[in-house]
Amino acid sequence: MKLGYKIAARFLKSNLGQTILIILGIAIGVSVQIFIGSLIQGLQKSLVEKTIGDASQITITSSTDDKEIVDYEEMIKQIQTIDQRIDKISVAADHPAFLEYGENSQSILVRGFDIESADEIYNFVDRIEEGTYPYNLNEIILGIDLKEEYGIQLNDVLSLITTNQKTVKVKVVGFFDLKVASLNKNWAITTLETAGNIFNTRGSITSIEMQVKESGIFSTDIIASKITQELNNDALTIVNWKEQNEQLLSGLEGQSISSYMIQVFVLISVILGIASVLAITVMQKSKQIGILKAMGIRNSATSYVFLFEGLILGFFGAILGILFGLGLSVAFTKFALNTDGTPVIPLFISYPFIFTSGLIAIAVSVLAALIPAYRSLKLNPIDIIRNH
Amino acid sequence: MMSILELKNIEKIYGNEIKTQVLYNVNLSIEKGTFNSIIGQSGSGKTTLLNIMGTLDKPTSGEVMVNGTNVKQMHNNKLSALRNETIGFIFQFHYLLPEFTALENVLMPYQIKHGKVSKDAIKKAKEYLHLVGLENVMNNMATKISGGQQQRAAIARALMNEPQIILADEPTGNLDSDSTEVIYELLRDINHQLGTTFIIITHDNRIAEKADRMIEIKDGRIYQDVNKK
Ligand SMILES: Nc1ncnc2c1ncn2[C@@H]1O[C@H](COP(=O)(O)OP(=O)(O)O)[C@@H](O)[C@H]1O
Ligand SMILES: [Mg+2]
């Protein structure tokens with residue numbers, strides 16, 4: 001083994017130009033693989049992030065007529081123990097109402113939240129463009145689009161009319177921008193207390209909303225079904241973002257498949273490259289192999305020579321390829337920027353992915369060395385000695 | 001005396017379509033510790049015979065016994081070990097590994113045997129290189145020394161594992177007559193000191209005549225076998 005390695009290293013060193021060329025070839029393959037992988041993963045992550053990063057990923061609602069969930073505190077305690085990937089839990093009391101402001105009126109969804117826990121999911125604080133979050137009773141915030149449409153000012157008072165024809169005066173203490181026009185037009189956000197006061201909820205809520213940790217993003221269906229099983233309550237409906245975004249998911253899947261295809265073809269071309277160069281090396285070195293065999297080196301040891309050549313080439317190719325790939329990726333994220341300073345291409349640099357790509361390149365290089373190793377195994381020294 | 005190498009009814013035919021018989025019914029028994037020479041005209045079959053003795057080539061028929069064991073019964077790894085430990089080759093064409101230095105080439109049989117080199121091994125290799133007069137160029141790459149020096153390095157390499165048998169195919173073919181004399185004396189010394197059995201193909205009649213036994217091959221047959229011991 002050790003001798004095989006030593007001879008392999010010496011062979012590679014003595015044909016340094018050729019060796020560097022193969023290493024470069026492997027490195028380019030690996031760097032393309034890393035770049036494409038990081039690109040696709042980055043695109044997918046930013047797409048998913050934009051879609052569900054500030055939204056509920058698993059939502060529990062009531063399927064009863066009044067849509068009310070009463071004993072939710074017990075339920076939340078139970079949910080917290082169901083799956084470690086469940087990260088943030090918040091409750092909402094959602095009720096439709098009619099908004100009146102001067103001459104204008106429209107229907108609106110009043111969402112009562114527990115400010116702190118809801119902020120973790122929706123990031124409200126960062127999204128308040130003007131004013132503050134509602135803290136006191138009968139304070140609400142509205143979307144920025146409503147402000148523009150009706151010319152509503154901070155601290156204006158307007159009326160909300162419930163489905164039971166009850167009218168409540170509320171004060172607008174802020175405007176939010178959730179970047180989605182329909183939400184900016186149709187949501188009025190307030191505290192659980194205010195919602196309870198307006199709609200007489202007697203402490204009930206209408207939904208429990210959850211976000212999961214990053215590792216669970218694509219397992220929300222499994223987590224949701226675990227919750228369904230554990231809560232075992234027919235009056236509850238549990239949905240997760242994957243059911244609601246099937247098109248996005250199939251788009252992501254298509255992207256992943258094409259990314260894998262590209263990576264596989266890059267690997268195949270790397271294999272073919274190494275295999276053909278190593279096959280030539282066996283011919284170039286057949287005299288040496290013949291001499292070594294005449295001196296009594298075992299057949300297996302000569303095949304180690306070529307396996308080690310594959311290993312060494314793969315190792316340096318992988319290292320160099322990782323450096324190239326990282327360099328290329330970093331250059332893209334640092335220098336190709338939008339006017340607001342965010343990268344044009346949102347690359348996701350995952351070290352496990354890069355490490356795996358490197359390992360695969362090494363494994364593939366050793367695999368490519370199998371054919372030349374086999375040929376050297378079969379080489380008969382007398383053919384070399386006789387034909388000098 | 002016990003025979004270290006024995007050939008029984010060796011025939012060698014080259015080619016499948018056009019068959020050329022090169023060796024005819026060769027029977028030979030080489031005694032341990034003797035110094036033997038093989039002579040004969042070019043093309044008479046000397047190299048073929050030597051390669052068969054060294055297990056590199058297989059006879060078309062007949063038996064080769066090394067130390068009483070029929071090599072037909074040995075598997076690949078056993079044959080490799082035999083070539084590494086029991087037999088030392090000095091080929092007609094010197095055949096050093098061009099990627100290694102002269103010293104590394106001499107150490108190669110040791111490394112094949114032990115997997116690594118020891119300080120003692122390096123010391124011994126340097127001694128052999130000194131004996132063949134290469135101490136000044138031992139760290140040169142094999143390609144950076146002259147043909148004669150390469151041949152002497154190949155001799156040092158054959159001695160490295162102190163094999164029981166050394167097979168040499170015109171080992172002094174590239175050397176001038178003074179060097180030939182020196183190398184011959186060296187091989188003779190080793191023969192006396194270590195009891196190594198030598199079988200040497202040579203063109204040089206002076207050397208052939210100094211051997212204990214002189215075997216002449218003619219047209220693939222043993223034509224003359226002169227034992228002086
Ligand atoms: N591989 C081969 N195929 C066919 N004929 C061969 C082969 N090798 C050697 N010969 C022939 O065998 C004969 C003996 O060759 P060789 O043993 O090299 O003789 P020597 O060493 O005495 O010069 C020669 O006629 C040579 O041409
Ligand atoms: Mg010959």
Handout entry: B:ILE201 vs. criteria within 14 Å of chain A (Cβ to nearest Cβ) and either within 16 Å of ligand 1 (Cβ to nearest atom) or hydrophobic (A, V, I, L, M, F, W, C) (or both)
Key = yes
Fill in the blank from the handout: Reported set for segment B:60-70 where residues are surrounded by fewer than 20 Cβ atoms within 10 Å (Cβ to Cβ) and either away from ligand 1 (no atom under 16 Å from the Cβ) or polar (S, T, N, Q) (or both) is B:THR60, B:SER61, B:GLU63, B:MET65, B:ASN67, B:GLY68, B:THR69, B:ASN70
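Residue-by-condition table, conditions (1) surrounded by 14 or more Cβ atoms within 10 Å (Cβ to Cβ); (2) of a type outside the set (D, E, K, R); (3) not assigned by TED's automatic domain parsing to the domain that holds A:GLU103:
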position: A:ARG127; (1), (2), (3): yes, no, no
position: A:GLU130; (1), (2), (3): yes, no, no
position: A:PRO134; (1), (2), (3): yes, yes, no
position: A:GLU139; (1), (2), (3): yes, no, no
position: A:GLY143; (1), (2), (3): yes, yes, no
position: A:LYS147; (1), (2), (3): yes, no, no
position: A:GLN153; (1), (2), (3): no, yes, no
position: A:SER159; (1), (2), (3): yes, yes, no
position: A:THR163; (1), (2), (3): no, yes, no
Handout entry: Residues being open to solvent by 10 Å² or more (accessible area, probe 1.4 Å) and either under 27 Å from the mean Cα position of the chain (by Cα) or of a type in the set (Gly, Ala, Ser) (or both) - total across segment A:193-203
Key = 2
Handout entry: segment B:123-181, residues that are within 14 Å of chain A (Cβ to nearest Cβ) and within 16 Å of ligand 2 (Cβ to nearest atom)
Key = B:GLN151, B:ALA154, B:LEU167, B:ALA168, B:ASP169, B:GLU170, B:GLY173, B:ASN174
Practice task
Considering only segment B:126-155, state which residues are more than 21 Å from B:THR172 (Cβ to Cβ) and hydrophobic (A, V, I, L, M, F, W, C).
Solution key: B:MET141
Exercise for the section: Select the helices (runs of 4 or more DSSP H) contained entirely in segment A:1-98, then report the ones holding at least 2 residues which are more than 14 Å from chain B (Cβ to nearest Cβ) and over 26 Å from A:ILE354 (Cα atoms). Expected result: A:16-52, A:72-80
Problem - Selected residue (only one of B:LYS113, B:LYS46, B:LYS119 is open to solvent by 70 Å² or more (accessible area, probe 1.4 Å) and either in contact (Cβ under 8 Å) with a residue 12 or more places away in the chain or within 16 Å of ligand 2 (Cβ to nearest atom) (or both)) - result: B:LYS113
Problem - Residues of segment B:24-59 that turn out to be out of contact with any Asp or Glu (no Cβ under 6 Å at 6 or more places or on another chain) and either more than 10 Å from ligand 1 (Cβ to nearest atom) or part of a strand (DSSP E or B) (or both), as a count - result: 18
Fill in the blank from the handout: The residue that is farthest from B:LEU159 (Cα to Cα), considering only those in segment B:97-109 that are buried (at least 22 other Cβ atoms within 10 Å of the Cβ) and within 8 Å of chain A (Cβ to nearest Cβ), is B:LEU97
Practice task
For B:THR55, indicate whether it is within 16 Å of ligand 2 (Cβ to nearest atom) and within 13 Å of the chain's Cα centre (by Cα).
Solution key: no
Practice task
Could you tell me which of the residues A:LYS242, A:LYS226 is open to solvent by less than 60 Å² (accessible area, probe 1.4 Å), under 28 Å from A:ILE205 (Cβ atoms) and in a helix (DSSP H, G or I)?
Solution key: A:LYS242
Fill in the blank from the handout: Among helices (runs of 4 or more DSSP H) entirely within segment A:289-388, at least 1 residues that are among the acidic types (Asp, Glu) occur in A:299-335, A:381-386
Handout entry: Residue list for segment A:292-307, filter: open to solvent by 40 Å² or more (accessible area, probe 1.4 Å) and more than 14 Å from every other protein chain (Cβ to nearest Cβ)
Key = A:LEU307
Fill in the blank from the handout: Among B:GLU185, B:GLU170, the single one that is out of contact with any helix residue (DSSP H, G or I) (no Cβ under 8 Å at 6 or more places or on another chain), within 16 Å of ligand 1 (Cβ to nearest atom) and closer than 30 Å to B:ASP225 by Cα is B:GLU170
Practice task
Report yes if some residue within segment B:61-70 is more than 10 Å from chain A (Cβ to nearest Cβ), assigned to a loop (DSSP other than H, G, I, E, B) and closer than 28 Å to B:GLU216 by Cβ; otherwise report no.
Solution key: yes
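The values are calculated or read from the model by the stated rules, or taken from the named source; none is laboratory data. All values derive from a computational prediction rather than experimental measurement. Positions of Cβ are generated from backbone atoms using ideal geometry, with glycine treated the same way; all protein chains shown enter the neighbour counts. These area figures cover heavy atoms from the full protein model, side chains too; ligands, DNA and RNA do not enter into them. Shrake-Rupley method; radii C 1.70, N 1.55, O 1.52, S 1.80 Å.
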